[in-house]
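Novice: Sending over a structure as structure tokens; questions will come in a sec.
The values are calculated or read from the model by the stated rules, or taken from the named source; none is laboratory data. If you're wondering where the values come from, they're calculated on a predicted model, not measured in any experiment. Note: ideal-geometry Cβ built from the backbone for every residue, glycine included; neighbour counts use all protein chains shown. In case anyone asks, the SASA skips ligands and DNA or RNA and just uses the protein heavy atoms, side chains included. Shrake-Rupley method; radii C 1.70, N 1.55, O 1.52, S 1.80 Å.
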Amino acid sequence: MKEYTLYREGNSYKGQLHTHTTVSDGEITPEDAKILYKSEGYSFLAITDHNKYGIYEDFNEDGFIIIPGAELDCIPEGKVNHIVAIGDPETTKFKHGEQLDWWTYSKFQAQELVNYITESNNMAIYAHPYWSYADVEEIAGLKNILGVEIFNYSCEQCVQMGKGDIYYENMCHRKEKLWCFASDDAHGHTPDYCGGYLVVKAKELTHKAILQALRDGSFYACAVNYGKKAPEIIDFYVEDGYAKLWCSPAKSIYFKCERRVTSRLHADNEPLTYHSWQIPEGQKFVRAVVVDENGNTSYTQPIILK
């Protein structure tokens, strides 16, 4: 029996769930953000300006959709928490252009902010844990959170604090299911566009299909170190106790389980396109990390082992 997160059927769609425009503190307009991402081959985009919800229904067209969203933050006892909210235009309780009540929710605890987001029919993604100096135990304890950013391109470009691997690694041991995300968080103050993105395998390019695939973990996260593209993950699943992964040419493929239980295949000559590994008994999950010769990295979602 196969265990997997990537759907067995569907198409792959490149997307961005965290970016900013002149509506808050970004350098380009929402219209220009749409043009930029569409020109770079993206199929979906969430414009997540600070404390102001964006739906942008007029931007939707064949082959490209806008996912409604915003970025919210709270600072209880001086602890910084930024959380991205994304939703379905038909069911979100927030309105387009709605100025969200920062003066109220900035005083929330992190769980209260997540509750505020999810009770408004949105999904919550914890943003840039490294930049926030986040508390691993606190994030891992959050209920109803979809995932955490394992890579934030703007934080990496601006202050070299965008890599959240160590946070995610630790949280995977504390939470049964937590997806990893990569984003731009672009503001335009430095070259910070198109460096962190998702590839979602969904049944079709609609809001409902993309959001459902995100809930189910049918996607992988991409972090660009050089150029514009991270390795493509063609398939990843567990069958008869073996983890198996197919990818575009890569330098290294890692399988990761609990507490340093890992497998690494490194290419000395020919690039790698496949790796198989027998998972040790008693492991609760397995995930994969693929790195190309330029250091560009793709992260699968963890497969929960039954």
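Novice: Restricting to segment 168-184, give me the number of residues that are open to solvent by 10 Å² or more (accessible area, probe 1.4 Å) and part of a loop (DSSP other than H, G, I, E, B).
Specialist: 5
Per-residue answers, yes or no, for (1) more than 24 Å from Tyr197 (Cβ to Cβ); (2) in contact with a Pro (Cβ under 7 Å, 6 or more places away or on another chain):
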residue	(1), (2)
Tyr226	no, no
Lys229	no, no
Pro249	no, yes
Glu258	yes, no
Arg264	yes, no
Phe285	no, yes
Val290	no, yes
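Conditions (1) among the charged types (D, E, K, R); (2) within 19 Å of the chain's Cα centre (by Cα), marked per residue:
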position: Arg8; (1), (2): yes, no
position: Leu17; (1), (2): no, yes
position: Asp25; (1), (2): yes, no
position: Thr29; (1), (2): no, no
position: Glu40; (1), (2): yes, yes
position: Leu45; (1), (2): no, yes
position: Asn51; (1), (2): no, no
position: Tyr56; (1), (2): no, no
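Novice: How many residues, within segment 118-130, are touching a residue at least 40 places away in the same chain (Cβ under 8 Å) and either among the charged types (D, E, K, R) or at negative phi (or both)? Working first, answer last.
Specialist: To start, the set of residues in segment 118-130 that are touching a residue at least 40 places away in the same chain (Cβ under 8 Å) comprises 122-128.
So of that shortlist, the ones also either among the charged types (D, E, K, R) or at negative phi (or both) come out as 122-127.
Counting residues in segment 118-130 that are touching a residue at least 40 places away in the same chain (Cβ under 8 Å) and either among the charged types (D, E, K, R) or at negative phi (or both) gives 6.
Novice: Among the residues of segment 149-167, are any at pLDDT 95 or above, closer than 16 Å to Ala70 by Cβ, surrounded by fewer than 21 Cβ atoms within 10 Å (Cβ to Cβ) and more than 15 Å from the chain's Cα centre (by Cα)?
Specialist: Checking segment 149-167: not a single residue is at pLDDT 95 or above, closer than 16 Å to Ala70 by Cβ, surrounded by fewer than 21 Cβ atoms within 10 Å (Cβ to Cβ) and more than 15 Å from the chain's Cα centre (by Cα).
For every residue, the table says whether it meets (1) of a type in the set (Ser, Thr, Tyr); (2) at pLDDT below 95; (3) out of contact with any Cys (no Cβ under 9 Å at 6 or more places or on another chain).
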site: Tyr42; (1), (2), (3): yes, no, no
site: His50; (1), (2), (3): no, no, yes
site: Tyr53; (1), (2), (3): yes, no, yes
site: Asp62; (1), (2), (3): no, no, yes
site: Leu72; (1), (2), (3): no, no, yes
site: Gly78; (1), (2), (3): no, yes, yes
site: Glu98; (1), (2), (3): no, no, yes
site: Trp103; (1), (2), (3): no, yes, yes
site: Val114; (1), (2), (3): no, no, yes
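Novice: Something else: Starting from segment 252-270, take each residue that is β-branched (Val, Ile, Thr) and list its partners that are part of a loop (DSSP other than H, G, I, E, B), counting only C-beta distances under 8 angstrom and pairs at least six apart or across chains.
Specialist: The qualifying pairs are Val261/Pro280; Val261/Gln283.
Novice: Another one. Have a look at Val238, Val261, Val200, Val224 and point out the one that is under 13 Å from the mean Cα position of the chain (by Cα) and either surrounded by fewer than 18 Cβ atoms within 10 Å (Cβ to Cβ) or not hydroxyl-bearing (Ser, Thr, Tyr) (or both). Before the answer, list the steps.
Specialist: Details: Val238 fails: under 13 Å from the mean Cα position of the chain (by Cα); Val261 fails: under 13 Å from the mean Cα position of the chain (by Cα); Val224 fails: under 13 Å from the mean Cα position of the chain (by Cα).
On inspection, the qualifying residue turns out to be Val200.
Novice: So which residues in segment 199-237 are more than 19 Å from Trp179 (Cβ to Cβ), of a type in the set (D, E, K, R) and either assigned to a strand (DSSP E or B) or touching a strand residue (DSSP E or B) at 6+ places or on another chain (Cβ under 9 Å) (or both)?
Specialist: Glu204, Lys229
Novice: Now, a different point. Does Arg264 satisfy the condition of being in a strand (DSSP E or B) and charged (D, E, K, R)?
Specialist: Details: in a strand (DSSP E or B): yes; charged (D, E, K, R): yes.
Here the answer is yes, as Arg264 does meet what is asked.
Novice: Sticking with this one: Tell me which residues, restricted to segment 39-76, are in contact (Cβ under 8 Å) with a residue 24 or more places away in the chain, assigned to a loop (DSSP other than H, G, I, E, B) and open to solvent by 10 Å² or more (accessible area, probe 1.4 Å). Steps first, answer last, please.
Specialist: First, the residues of segment 39-76 that are in contact (Cβ under 8 Å) with a residue 24 or more places away in the chain: 40-57, 59, 63-76.
Retained after the next criterion (residues that are assigned to a loop (DSSP other than H, G, I, E, B)): 40-43, 46-49, 51, 53, 55-56, 63, 67-68, 75.
Matches in segment 39-76: Glu40, Gly41, Ser43, Asn51, Ile55, Tyr56, Gly63, Ile75.
Novice: Here is a further query. Across segment 264-300, what is the number of residues that are open to solvent by 70 Å² or more (accessible area, probe 1.4 Å), closer than 19 Å to Glu3 by Cα and touching a strand residue (DSSP E or B) at 6+ places or on another chain (Cβ under 6 Å)?
Specialist: 2
Novice: Something else: Inspect segment 15-30 for any residue being farther than 30 Å from Ile303 by Cβ and either hydrophobic (A, V, I, L, M, F, W, C) or at pLDDT below 95 (or both) and give the result as yes or no. Write out each step before concluding.
Specialist: Quick first cut of segment 15-30, residues farther than 30 Å from Ile303 by Cβ only: 20-30.
From what's left, either hydrophobic (A, V, I, L, M, F, W, C) or at pLDDT below 95 (or both): 23, 28.
For segment 15-30, residues farther than 30 Å from Ile303 by Cβ and either hydrophobic (A, V, I, L, M, F, W, C) or at pLDDT below 95 (or both): present.
Novice: A further question on this structure: Every residue in segment 88-117 that is open to solvent by less than 40 Å² (accessible area, probe 1.4 Å), without any contact (Cβ under 8 Å) to a residue 40 or more places away in the chain and not in a loop (DSSP other than H, G, I, E, B), please. Break it down into steps so the answer makes sense when it comes.
Specialist: Filtering segment 88-117 for residues open to solvent by less than 40 Å² (accessible area, probe 1.4 Å) gives 88-89, 92, 94, 97, 100, 105-106, 110, 113-114, 117.
Filter once more, keeping what is without any contact (Cβ under 8 Å) to a residue 40 or more places away in the chain: 92, 105-106, 110, 114.
Of everything in segment 88-117, those that are open to solvent by less than 40 Å² (accessible area, probe 1.4 Å), without any contact (Cβ under 8 Å) to a residue 40 or more places away in the chain and not in a loop (DSSP other than H, G, I, E, B) turn out to be Tyr105, Ala110, Val114.
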